[in-house]
There are 4 protein chains.
Amino acid sequence: MHAAQIVKVKKPLEIEELDVPEPRGSEVLIRVKSAGVCHSDIHLWEGGYEGPGGKFLKTTDRGVKYPLTPGHEVAGIIDSIGEKAEGFVKKERVLVFPWIGEGLCPACRVGEENLCDKPRSLGVYQNGGYAEYVLVPSYKYLVKLGNMDTDTSAPLSCAGITAYSAVKNAHLKPADNVVIVGAGGLGLMAIQLAKAVTGARIISLDIDDKKLKVAKLNGADSIVNSKSENVKKSIMELTEDLGVDAVIDFVNGSKTVETDMTILRRRARIVLVGLFGGALQLNLVSMPTKAYKIVGSYTGSITDMIELVSLAKRKVIKPVISNKFSLNQATKALTMLRDGKIAGRGIINP
Amino acid sequence: MHAAQIVKVKKPLEIEELDVPEPRGSEVLIRVKSAGVCHSDIHLWEGGYEGPGGKFLKTTDRGVKYPLTPGHEVAGIIDSIGEKAEGFVKKERVLVFPWIGEGLCPACRVGEENLCDKPRSLGVYQNGGYAEYVLVPSYKYLVKLGNMDTDTSAPLSCAGITAYSAVKNAHLKPADNVVIVGAGGLGLMAIQLAKAVTGARIISLDIDDKKLKVAKLNGADSIVNSKSENVKKSIMELTEDLGVDAVIDFVNGSKTVETDMTILRRRARIVLVGLFGGALQLNLVSMPTKAYKIVGSYTGSITDMIELVSLAKRKVIKPVISNKFSLNQATKALTMLRDGKIAGRGIINP
Amino acid sequence: MHAAQIVKVKKPLEIEELDVPEPRGSEVLIRVKSAGVCHSDIHLWEGGYEGPGGKFLKTTDRGVKYPLTPGHEVAGIIDSIGEKAEGFVKKERVLVFPWIGEGLCPACRVGEENLCDKPRSLGVYQNGGYAEYVLVPSYKYLVKLGNMDTDTSAPLSCAGITAYSAVKNAHLKPADNVVIVGAGGLGLMAIQLAKAVTGARIISLDIDDKKLKVAKLNGADSIVNSKSENVKKSIMELTEDLGVDAVIDFVNGSKTVETDMTILRRRARIVLVGLFGGALQLNLVSMPTKAYKIVGSYTGSITDMIELVSLAKRKVIKPVISNKFSLNQATKALTMLRDGKIAGRGIINP
Amino acid sequence: MHAAQIVKVKKPLEIEELDVPEPRGSEVLIRVKSAGVCHSDIHLWEGGYEGPGGKFLKTTDRGVKYPLTPGHEVAGIIDSIGEKAEGFVKKERVLVFPWIGEGLCPACRVGEENLCDKPRSLGVYQNGGYAEYVLVPSYKYLVKLGNMDTDTSAPLSCAGITAYSAVKNAHLKPADNVVIVGAGGLGLMAIQLAKAVTGARIISLDIDDKKLKVAKLNGADSIVNSKSENVKKSIMELTEDLGVDAVIDFVNGSKTVETDMTILRRRARIVLVGLFGGALQLNLVSMPTKAYKIVGSYTGSITDMIELVSLAKRKVIKPVISNKFSLNQATKALTMLRDGKIAGRGIINP
């Protein structure tokens, strides 16, 4: 089988000819139909990313090994099944949950393998979906897609559940005001989801009027351009001078979070999702006196993914993708994403 | 009646001769037996406190008006009762819940008046317990003490519920490791409470060996001296290199919180309670990737106070007080507290 | 002012000429614009209702006193305000929360006065809204309506929050299947609400095809006629033989609940709301082995009402009313309701 | 290896000579040191039990296959390890979590395999611990015991977590009153646990004064003999005529639950755990008007077991066992248990 592998960091991915794995025990082999191209794939490709203080944080320092087949957003068709795998048959269309944990930590024990102390994520710590086949360690990581499209489904396993988990972490209720920072792919998905399951009033914040327009079409009750408007003033006007009950920040950079902290009502939740980075000068006394909660939110659980697939199946949410690539174009896909040339989500069809 | 009032900030409190108020409607008049002397009374006395960047934050800017009778930790005996007050009779011993809200914000709606958008706290925004009598706006703010001692009960209404609410905000479970930073009055109470209602393993952290010894007697499973030990090393040894599931920081200063951030397991809760202040350089990317929660915790609700009184009644927890003062000694009490000369809790007996 | 009062049970209500009350303290006087006519008003009128075993349960035995002005679903305009009432001004349109508690029980402490041990509900234990004016004990029981219609708003304070609270008690998630038993006023509101804030798949159950058609228009994903279909068979077909995750039963009679118990998945919640009554032979062993939860749900909290008003303001939900009456027609309104001649909600406009 | 198997129901168990299984993949082979003898083993032995209406419910009808090695409370030493098993080494002492699920249902997804739609429990649906060795399907079902005693640890995996899960399901808080029905093994464990982690006031109910005495020593605040006392009267006296906030019923028979329903405060939780059986005439209207919750509670999750082991390690709880048997005495052990001749917990040491 062919796989697009990172053999040397920063070099073009190589199309390798590998043996097709054979599923044993609980394992299931998937014929990959669609593999999403995610920003974190770029970190794998570049061998790391710039952390706080400009320090380069290497992927190999946290256990990544090359050569590696990236690709953690994978949808496809069941090819073959280990003798202990249950509940699935050959040829079924499935979405793969890639955030696999070791199984022994408190997170894994309650089904939050995405927050495992010792993760074994697919496409990160073991070979992923930029390939014709991917071997999934257990049938438990598969969710049936029925006749849903694999291209639009694949991103649900990372982009989708990241947005969904963030919305859940904001603990929104119908009379709440929530600001969603960033109206890109994740922000739009979060707007759709907050609309579908919370009843809260949604304010979309971005620097791009075009994106804000789309945000409105996707369900935002109000929009604020943080470039052309005084954010604090606009938000206070929208909330009768109270501030908002929650912010979900899909950028999570020094500037956006600094602004977030100025528009909060007492008891507000600030959900940090993005990986833009930098540091915040956090005023410590304000934390108890205002009873704020700052909540880090990292991808989502398989329960989140099951719920998301259910919502997508019934068209309560409508994920969108933009660019399609062949396996040979994997390097091109990563380059375009890095250079900001992919508006929505790029998909590789191996 | 006599009341010790702050007439001019930073000047000695004046013993004023005031009319005894008459309770109307739902109001209840309490003959004060014990009034706790709390650190925040010093802020009222000094007219404010130093905020981030050395800026002096004035109490009058957040609505405090002088002359003011301070005292928000009040226990006493019911003197007389408004015509609409229910459930209480004259001469009953009661503890007063001082964190009174306006009643219209989301916090008040669920019984968290301590987090009201527009607080009317007793001893802060209206006259409190440094007086022979205090007028309580409603019978709903009273909790029966039975034959409990008023001196040891009074601090439950602020120090007690602050510790308790913090323990609740840490969401501790029996297999969790929790670090409690500070083994002073609040820290000790938190240790007792965590012991009584969570089953978690408690690690007490302080710079004072004597206090740590007391912490151990109060229920700490382990102790760490943050002055003489390498905190990170000690904690990692105690937790099989995993880090802790939660920290409750009763200091909440730049140094302690900086240390807190180095000893955390993924998914950890950092509960900030103290008002020491300063700023933290918060690494933003670590929030989502580690799934941390930073939770500000500010005093507690009346439900917390009811539960605390119930625990104290059955001697599950044992609050301690150290110094007693007459009403005339109010200025002395505040001075001693400011100068660090009160080990536990000081009480005024008007 | 005029008030339609129950002077003698089962006799026509009498239009009395009463003094207009004067608001004191926190009280607020409301000029009633709309008062909903609710089934429980009939119990007040008839002096009780038939309990289990055919025993007549008298309203006077649980503290109701006559003459009484009924009417707990009240919307109107602020006429005058006590000297301690805050946050409201004359002429504002408001909805009244009628489920007033004593304030001292655990329910009241967390804002669930609707579940108070010693209730003082408006229109039940004190005079209500079948009158030109109603005296509300505190501004805290008012919620601003802005320019919302008082007729459609009034039923939110009982019918609305009963449906909403029931939906909350079912703890629905997007991949859940829920059966809503009864497609009358409350059932339809629950369908709208479950649609708006849960993402669950909704199955509406009723004996009337016309009502089921309306249920579908209001958001039900599937409908089942329990008269013409084998309910168990239909539900199992709809749920891949698993059964449903939750049932919300707005009838709550022996027959409906017996059926409910046959269509449940392990871990199911059965939310009982209706007051039809009778008894269920509950198989005790099935409770632990199936891990079922049977949850009684009784009206809702003021937080529920605030959220509901917020949803109605933004037209996320659309309450409907059917019949309007003058104050003089109060007896007619009750008679028509008793005789099943009011399809939706009847409103009295005093 | 030797195993005590049920070959024919109701006949003496046969000591079979079986091959020692070889662990593959994630499997782990355990040398059994202690296997608890549980009431549900008797159902397996007798081929079923009497259900409601006197109907005999056969174990084979719910998927049990004979010959079967019973034994789901297993503690032992790791003998050998599959090539994919992680986190454990040979010779470690471990406790086995027997409530294994298929992994695909909502319960399994959040770590509640004990409530799986399609259970594969050890000692029930696959061979268990009445044997020299037991093959555990994955290292994920093992919890390290350190140097804890295997005899007292074994029952934690069923009796222990059943009591613990029940306590959790009662959602107890420090000012709550809880009645625990039954002061046998599970009841005593529940009393210890409620004491250790809730702060609630515990009332133990039983028909046996000797057991009630032991209950008091284990932490019950009050005791009530339901044979010699009027339960309702006694409970009302103990709770100022309010009734209790929760009941945990380890008998769960018609009589006990009927009594339970008479001693409840509004909003009470009734947790049904026992398998005594029978039916309750449930008054349906009382469910909404009283806002009761009836909660079925069935064994516990692996998280519960981990927490329990942690509590036992630190001696916060102290499980007790009474009788020890060799493998050859398996039939004797079951007979004695059936005949009520084992006071605490019997253990087989193969």
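The values are calculated or read from the model by the stated rules, or taken from the named source; none is laboratory data. Just so it is clear, the structure is predicted and the values come from calculations on it, not from any experiment. All Cβ positions, glycine included, derive from the backbone under ideal geometry; neighbour counts span all protein chains shown. In case anyone asks, the SASA skips ligands and DNA or RNA and just uses the protein heavy atoms, side chains included. Shrake-Rupley method; radii C 1.70, N 1.55, O 1.52, S 1.80 Å.
Among the residues that make up region C:272-283, is at least one of them polar (S, T, N, Q), assigned to a strand (DSSP E or B), within 11 Å of chain D (Cβ to nearest Cβ) and without any contact (Cβ under 8 Å) to a residue 60 or more places away in the chain?
First, the residues of region C:272-283 that are polar (S, T, N, Q): C:281, C:283.
Then keep just the ones that are assigned to a strand (DSSP E or B); that gives C:281, C:283.
Next, from what is left, pick out any that are within 11 Å of chain D (Cβ to nearest Cβ): C:281, C:283.
Now drop any that are not without any contact (Cβ under 8 Å) to a residue 60 or more places away in the chain, which leaves C:281, C:283.
Taking every residue of region C:272-283 in turn, at least one turns out to be polar (S, T, N, Q), assigned to a strand (DSSP E or B), within 11 Å of chain D (Cβ to nearest Cβ) and without any contact (Cβ under 8 Å) to a residue 60 or more places away in the chain.
Of all the residues that make up region A:3-48, how many are open to solvent by 60 Å² or more (accessible area, probe 1.4 Å) and touching a residue at least 24 places away in the same chain (Cβ under 8 Å)? If you could, list the steps in order and put the result at the bottom.
Step one: list which residues in region A:3-48 are open to solvent by 60 Å² or more (accessible area, probe 1.4 Å), which gives A:8, A:10-12, A:14-15, A:17, A:19-20, A:22, A:24, A:33, A:39.
Next cut, touching a residue at least 24 places away in the same chain (Cβ under 8 Å) only: A:8, A:10, A:12, A:14-15, A:20, A:22, A:24, A:33, A:39.
The number of residues fulfilling the criteria is 10.
Considering only region D:255-265, state which residues are open to solvent by 40 Å² or more (accessible area, probe 1.4 Å) and out of contact with any helix residue (DSSP H, G or I) (no Cβ under 9 Å at 6 or more places or on another chain).
D:K255, D:E258
Tally time: how many residues in region C:305-347 are of a type in the set (V, I, T) and assigned to a helix (DSSP H, G or I)? Working first, answer last.
Of region C:305-347, the ones of a type in the set (V, I, T) are C:306, C:309, C:316-317, C:320-321, C:331, C:335, C:342, C:347.
From the residues that got through so far, the ones that are assigned to a helix (DSSP H, G or I) too are C:306, C:309, C:331, C:335.
Counting residues in region C:305-347 that are of a type in the set (V, I, T) and assigned to a helix (DSSP H, G or I) gives 4.
Among the residues of region A:6-49, count how many are closer than 28 Å to B:S286 by Cα and not in a loop (DSSP other than H, G, I, E, B).
Residues flagged as closer than 28 Å to B:S286 by Cα and not in a loop (DSSP other than H, G, I, E, B) within region A:6-49 amount to 14.
Could you say whether any residue in region A:75-86 is within 18 Å of A:L275 (Cα to Cα) and open to solvent by less than 40 Å² (accessible area, probe 1.4 Å)?
Here is the first cut: in region A:75-86, the residues within 18 Å of A:L275 (Cα to Cα) are none.
No, that holds for no residue.
Within region C:266-294, can you find the residues that are open to solvent by 30 Å² or more (accessible area, probe 1.4 Å) and either basic (K, R) or within 16 Å of C:I180 (Cβ to Cβ) (or both)? Walk me through how you get there before you give the answer.
To start, the set of residues in region C:266-294 that are open to solvent by 30 Å² or more (accessible area, probe 1.4 Å) comprises C:266-267, C:269, C:275-276, C:278-279, C:281, C:283, C:289-290, C:293.
Residues satisfying the conditions are C:R266, C:R267, C:R269, C:F276, C:K290, C:K293.
One line per residue, one yes/no per condition, for (1) of a type in the set (A, V, I, L, M, F, W, C); (2) within 14 Å of B:L142 (Cβ to Cβ):
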{"residue": "B:P70", "(1), (2)": "no, no"}
{"residue": "B:S80", "(1), (2)": "no, yes"}
{"residue": "B:V89", "(1), (2)": "yes, yes"}
{"residue": "B:S121", "(1), (2)": "no, no"}
{"residue": "B:V124", "(1), (2)": "yes, no"}
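Taking only region C:177-196 into account, find how many residues are within 12 Å of another protein chain (Cβ to nearest Cβ) and over 19 Å from C:T259 (Cα atoms). Lay out the reasoning, then the answer.
Initial filter on region C:177-196 (within 12 Å of another protein chain (Cβ to nearest Cβ)): C:177, C:186, C:192-196.
Among the residues that remain, those that are also over 19 Å from C:T259 (Cα atoms) are: C:186, C:192-196.
Qualifying residue count, region C:177-196: 6.
Could you check region A:100-213 for helices (runs of 4 or more DSSP H) lying wholly inside it with 3 or more residues that are within 20 Å of the chain's Cα centre (by Cα)? Lay out the reasoning, then the answer.
Working: elements: A:106-109, A:150-153, A:159-169, A:185-197.
Fully inside region A:100-213 and qualifying: A:150-153, A:159-169, A:185-197.
So, C:D206, is that one surrounded by 24 or more Cβ atoms within 10 Å (Cβ to Cβ) and acidic (D, E) or not? Talk me through it step by step, then tell me what you get.
Details: surrounded by 24 or more Cβ atoms within 10 Å (Cβ to Cβ): yes; acidic (D, E): yes.
For C:D206, the condition - surrounded by 24 or more Cβ atoms within 10 Å (Cβ to Cβ) and acidic (D, E) - is met.
What is the residue count in region B:108-154 for residues that are within 9 Å of another protein chain (Cβ to nearest Cβ), more than 24 Å from B:L311 (Cβ to Cβ) and open to solvent by less than 30 Å² (accessible area, probe 1.4 Å)?
So the count comes out to 4.
Which of the numbered conditions does C:S165 fail, given that it passes all the others? Conditions: (1) within 11 Å of another protein chain (Cβ to nearest Cβ); (2) touching a Leu at 6+ places or on another chain (Cβ under 8 Å).
With respect to (1) within 11 Å of another protein chain (Cβ to nearest Cβ); (2) touching a Leu at 6+ places or on another chain (Cβ under 8 Å), C:S165 is out only on (2).
Among the listed residues B:A246, B:A220, which satisfies the condition of being open to solvent by less than 30 Å² (accessible area, probe 1.4 Å) and not in a strand (DSSP E or B)? It would help to see each step written out before you state the result.
Details: B:A246 fails: not in a strand (DSSP E or B).
Result: B:A220 is the single residue among B:A246, B:A220 that is open to solvent by less than 30 Å² (accessible area, probe 1.4 Å) and not in a strand (DSSP E or B).
How many residues are among the hydrophobic types (A, V, I, L, M, F, W, C) and open to solvent by 20 Å² or more (accessible area, probe 1.4 Å) when one looks only at region A:87-98? Can you show your working first?
Of region A:87-98, the ones among the hydrophobic types (A, V, I, L, M, F, W, C) are A:88-89, A:94-97.
Okay, now just the ones that are also open to solvent by 20 Å² or more (accessible area, probe 1.4 Å), so A:88-89.
Selection size over region A:87-98: 2.
So that you can scan it fast, the table gives a plain yes or no per residue for (1) at pLDDT 95 or above; (2) out of contact with any strand residue (DSSP E or B) (no Cβ under 7 Å at 6 or more places or on another chain); (3) not hydrophobic (A, V, I, L, M, F, W, C):
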{"site": "A:T162", "(1), (2), (3)": "yes, yes, yes"}
{"site": "A:D221", "(1), (2), (3)": "yes, no, yes"}
{"site": "A:V224", "(1), (2), (3)": "yes, no, no"}
{"site": "A:K233", "(1), (2), (3)": "yes, yes, yes"}
{"site": "A:D245", "(1), (2), (3)": "yes, no, yes"}
{"site": "A:T256", "(1), (2), (3)": "yes, no, yes"}
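How many of the residues in region C:50-87 are within 13 Å of another protein chain (Cβ to nearest Cβ), touching a residue at least 60 places away in the same chain (Cβ under 8 Å) and not in a loop (DSSP other than H, G, I, E, B)?
2
As an exercise: evaluate A:F56 against (1) in contact with a strand residue (DSSP E or B) (Cβ under 7 Å, 6 or more places away or on another chain); (2) farther than 20 Å from A:Q5 by Cβ; (3) modelled with pLDDT of 95 or more; (4) hydrophobic (A, V, I, L, M, F, W, C) and give the number of the one condition it does not meet.
(3)
Restricting attention to region C:284-294, report how many residues are of a type in the set (S, T, Y), in a helix (DSSP H, G or I) and at the interface with another protein chain (Cβ under 7 Å from one of its Cβ atoms).
So the count comes out to 1.
Yes or no, residue by residue, for (1) in contact (Cβ under 8 Å) with a residue 40 or more places away in the chain; (2) basic (K, R); (3) away from chain C (no Cβ under 14 Å):
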position: D:I203; (1), (2), (3): yes, no, yes
position: D:I207; (1), (2), (3): no, no, yes
position: D:L217; (1), (2), (3): no, no, yes
position: D:N225; (1), (2), (3): no, no, yes
position: D:K232; (1), (2), (3): no, yes, yes
position: D:I235; (1), (2), (3): yes, no, yes
position: D:T239; (1), (2), (3): yes, no, no
position: D:A246; (1), (2), (3): yes, no, no
position: D:T256; (1), (2), (3): yes, no, no
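Output the residue which, of all residues in region D:295-333 that are within 26 Å of D:T256 (Cα to Cα), at pLDDT 95 or above and open to solvent by less than 60 Å² (accessible area, probe 1.4 Å), is farthest from the other protein chains (Cβ to nearest Cβ).
Ranking the candidates gives D:G300 first.
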